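Every number in this text was worked out from the coordinates using simple rules, so none of it is lab data. Just so we're clear, the structure is a prediction, and the values are computed from it rather than from any experiment. Note that we place each Cβ from the backbone using ideal geometry, even for glycine, and neighbour counts take in every protein chain shown.
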Amino acid sequence: MIPESEFENVLAKKYMRTEIMPHAFCPGCGLGIIERIILMAFEELGWDEWEKTVFVSGIGCSGWVPLYFRRDAAHTLHGRALAFATALKASRPELNVIVVMGDGDSMGIGGNHLIHAARRNIGITAIIATNMLYSLTGGQMAPTTPEGARTQTTPYGSIEPNFDLMELLKAAGATYLARWTTYHFMQAKNSLKKAVKHKGFAAIEILFQCPTYAGRYILNKPDPRDMLQWFKENSVPLTVAKKKDPEELKGKILVGEFLHRTDRVEYTEKLKELEKRAKGG
Amino acid sequence: MYVEPGIHLMQGDEAIVEGSLIAGCRFFAGYPITPATEIAERMSRRMPQVGGVFMQMEDELASILAIIGASWAGKKAMTATSGPGYSLMQEGLGYAVLTETPIVITDVQRGGPSTGLVTLPSQGDVMQARWGSHGDYGIIALAPSSAQDMFDLVIRAFNLSEEYRNPVVILADEVIAHVREPVKVPPLEEIKIVERRKPSVPPEEYIPYLPDPGEWVAPMPAFGEGYNMLVESVMHDEFGHRIGTDHAAAERTIKRVYYKIEKNVEKIAMYETELMEDAEIAVVSYGSTARTSLRAVREARKLGIKAGILRLITLWPFYDKIIEDIASQVKAIVVPEMNMGKIVREVERAAKGNAEVMSLPKVGGVLHHPDEVLSVIKKAAR
């Protein structure tokens, strides 16, 4: 445990359960940057927004992210964070419900809940932390593993293509979508602020560096700085991507704000209307 | 808002809905499944009328997590399902157990295994109700025998779930869910409702999983009330902090979620007896089978056989003492069940060899005929 006197980080002191620090992440893990992105966003959104915010997470390295925040948090089951969060939001629409999920939570075991949360357009902010494989169990293939990549369960290279989360959620009915990497932490923070204020299902994918597994197995870059450099060099902002032909974009990470719709009514608003109808009003 | 006091002709599935609303249920999540669908259908009409939320979820995995989420939002919450859905819910049920979340699950049993006998009754899930989720824990399961029971027991189920901060299972079956019979609804002021105990200390003094002295569970705040709860599915200590290799803390948590139910069996157990005063043969039965058994016992009395019946209302925690008592009085115990013989194992264990225990299994999706029970009673009396 780090003594309070040595805990210099202002954000940590203000927002985190410093009594259970240091956290469990590997040295160089990008999840610490994601925690910082969340806290920076709330530092700008203000304490009132923070006080109305509750967190829900699944199982995996990403599931630990909100447990260090001094707020109500549910560490649910693998893949089921959105089901818990959906009921929480439906029961208490005034709360900001933020769900932190990983590759498996969101697109593997929990994929069904993800598409249905988007379909309902329920006012939840989903932070989807992806790192191209399953890390907590030691580096196996995920639905986000690039085709051809070697992992602990794809020793001859993966023969499955990876999901494109933005396209999946666009089709399913989400109304705010953005993708960034931990290299783009300022942009991610700005998107998160918008997502928290957005009325409807908002998802932000943040590709983060897992030097321990993705770095070693997939990118051959065990140094987290090299992974961030790789994120920088291989990401293409959507605005730039529009001017390029698809061949040039192969293997690149498209980043930016993918969608911001205001034409769909949020689920809990509809619930209120339904209740009025049921009561004959 | 609520069904009027008085006597109503109701289906079991309707009675359980009306009872749950009176108990304070304000969130229902479910997925349609025969023979529990009528519960969801009626909930979808009734829940918004009382200011609650009904949600049809994408599957049963979501349904159980949704009611857990709603419970932490401060609502009393329920789901209803049948065998296949109940199997899917087992992991979520364990999450509710370890996080000490009050929820009510109704399993309207149909014949299994697998998709099984979709429209026909069974009592095949009674052991699953006790042991279905992995690990060690205590669970409360109640077995209704009538539409009236569906109304009364769902209120009792909500009360117990709040009192012990634990999931409570209602093990109905297709017959009880679909039977249509008179249900007496008492005036509201005569119905005992247990409300959730909220923390009385400020957040900085609140320890989320440490019961107050003399209590088995801690008070429970809702999300958004400033208590910074950690609803932790990983094995945790009294603070909700994950336990790495602290074996002693893990043992404390596991033993508490086990013993808070098992050691309170006297308070939780409900049963009824009929014609037991001078009985030499006892029929131990539960659910819809108890109705058949009662008829068989009355027929046996007409033949001069001293038979009586014990109807178990609480199946879990299993009340050993009542079986022990009966075993020391009678010479034989007959246990008819709509399964291959499950609760009979508990009866045998609790009888400790003091009476002969005779299993009367029945599978295939049909109730025992009273004559089948009677013939075993006759055999036992010889």
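Before moving on, here are some points about what is shown:
- Between B:His134 and B:Ser328, the contour length at 0.36 nm per residue exceeds the Cα-Cα span by 66.3 nm.
- In this Cβ point-charge picture (+1 for Lys and Arg, -1 for Asp and Glu), chain A has a dipole of about 760 debye about its Cα centre.
- Test item: A:267-279 mean partner chain Cβ contacts at 10 Å: 3
- Listed from fewest to most Cβ neighbours within 10 Å, the set A:Arg277, B:Arg197 follows the order A:Arg277, B:Arg197.
- Fewest-first ranking of B:Ser44, A:Ser191, using other Cβ atoms within 10 Å as the exposure measure: B:Ser44, A:Ser191
- Each peptide in B:53-60, A:81-88, B:185-192 receives the mean, over its residues, of other Cβ atoms within 10 Å, and ordering these scores from highest gives A:81-88, B:53-60, B:185-192.
- Checking the Cα-Cα distances for B:Lys306/B:Lys331; A:Lys232/A:Lys252; B:Lys263/B:Lys342; B:Lys198/B:Lys255 against a 18 Å cut-off, the pairs over it are B:Lys263/B:Lys342; B:Lys198/B:Lys255.
- Taking one quarter of the surface of the convex hull spanned by the alpha-carbon atoms of the range B:271-381 gives a direction-averaged projected area of 5.8 nm².
- Amide H contacts of B:Ala332: B:Ala282, B:Glu356, each under 5 Å away and 5 or more positions distant or on a separate chain (H built 1.01 Å from N in the peptide plane; Pro and chain starts excluded).
- Helix-only mean residue ellipticity at 222 nm for chain A, each DSSP H run of n ≥ 4 adding -39500 (n - 2.57), per residue, nearest 500: -10500 deg cm²/dmol
- Here r is the Cβ-Cβ distance between B:Glu190 and A:Lys193 and R0 is 41 Å; the resulting FRET efficiency, rounded to 0.05, is 0.15.
- Using R0 = 45 Å, the C-beta based FRET efficiency linking B:Arg301 and B:Tyr2 works out to 0.65.
- Backbone geometry of the range A:203-213 corresponds, through the Karplus equation with coefficients 6.51, -1.76 and 1.60 at θ = phi - 60°, to 3J(HN,Hα) couplings of 10, 10, 8, 10, 7, 10, 7, 10, x, 4, 10 Hz, x marking Gly and Pro.
- Approximate spin-label separation A:Lys252-B:His247, in nm, with each point projected 7 Å along Cα-to-Cβ: 5.7
- Near B:Ser71, once Lys and Arg are set to +1 and Asp and Glu to -1 for all other residues with Cβ below 11 Å from its Cβ, the sum equals +3.
- Neighbour-count order for A:Cys26, A:Cys61, fewest beta carbons within 10 angstrom listed first: A:Cys26, A:Cys61
- In chain B, the DSSP-assigned H stretches of four residues or longer account for a calculated mean residue ellipticity at 222 nm of -11000 deg cm²/dmol, using -39500 (n - 2.57) per stretch and the full residue count as denominator.
- Charge-dipole axis of the range A:80-130 as Lys and Arg at +1 and Asp and Glu at -1 on Cβ define it, positive-most pick from A:Ala129, A:Pro93, A:Ile109: A:Pro93
- Per residue, the convex hull spanned by the alpha carbons of the range B:1-268 comes to 128 Å³.
- Distant-in-sequence amide contacts of B:Ile140, defined by a placed amide H-H separation under 5 Å and a gap of 5 or more residues or a different chain, comprise B:Val169.
- A simple spin-label model places the labels of B:Val118 and B:Glu272 3.3 nm from each other, with each point 7 Å out along Cα-to-Cβ.
- Leading residue at positive end of dipole, chain A (Cβ point charges), from A:Ala172, A:Gln140, A:His23: A:Ala172
- Computed extension length for A:Asn220-A:Glu94: 40.8 nm, one decimal, from 0.36 nm per residue of separation with the Cα-Cα distance subtracted.
- Here A:Lys14 and B:Lys321 are evaluated by their C-beta separation; at R0 = 60 Å the FRET efficiency comes out at 0.60.
- In this structure the amide hydrogen of A:Ser135, modeled in the peptide plane, comes within under 5 Å of the amide hydrogens of A:Cys61, none closer than 5 places in sequence on its chain.
- Take each residue of peptide A:116-127, count the partner chain Cβ atoms within 10 Å of its Cβ, and average: the result is 1.
- Judged by the ratio a/c of the largest to the smallest principal axis of the C-alpha gyration tensor, the range A:1-96 counts as oblate, that ratio being 1.5 or greater while a/b is no larger than b/c.
- Remark: the protein assembly as shown carries a charge dipole of roughly 940 debye about the Cα centre, counting +1 on each Lys and Arg Cβ and -1 on each Asp and Glu Cβ.
- Of the GluC sites (Glu not before Pro) found in the range A:125-209, the ones in coil according to DSSP and having at most 15 other Cβ atoms within 10 Å of their Cβ are A:Glu147.
- Scaling the Cα radius of gyration of the protein assembly as shown by the globular reference 2.2 N^0.38 Å produces a ratio of 1.06.
- Listed residue pairs exceeding 19 Å between alpha carbons, taken from A:Lys193/A:Lys272; B:Lys302/B:Lys379; A:Lys199/A:Lys243; A:Lys89/A:Lys197; A:Lys197/A:Lys276; A:Lys52/A:Lys89: A:Lys193/A:Lys272; A:Lys199/A:Lys243; A:Lys197/A:Lys276
- With a cut-off of 9 Å between beta carbons, the residues surrounding A:Asn112 carry a summed charge of -2, where Lys and Arg count +1 and Asp and Glu -1.
- Taking Cβ atoms as reference points and 15 Å as the exclusive limit, the residues near B:Leu88 contribute a net charge of -4, counting Lys and Arg as +1 and Asp and Glu as -1.
- Couplings 3J(HN,Hα) of the range B:128-142, computed from phi: 4, 4, 7, 10, x, 8, 6, x, 10, 6, x, 9, 10, 9, 10 Hz, in residue order, whole Hz [Karplus 6.51 cos²θ - 1.76 cosθ + 1.60, θ = phi - 60°; x for Gly and Pro].
- Cα-centre dipole for the range B:271-381 with unit charges at Cβ (Lys and Arg positive, Asp and Glu negative), debye to 20: 240
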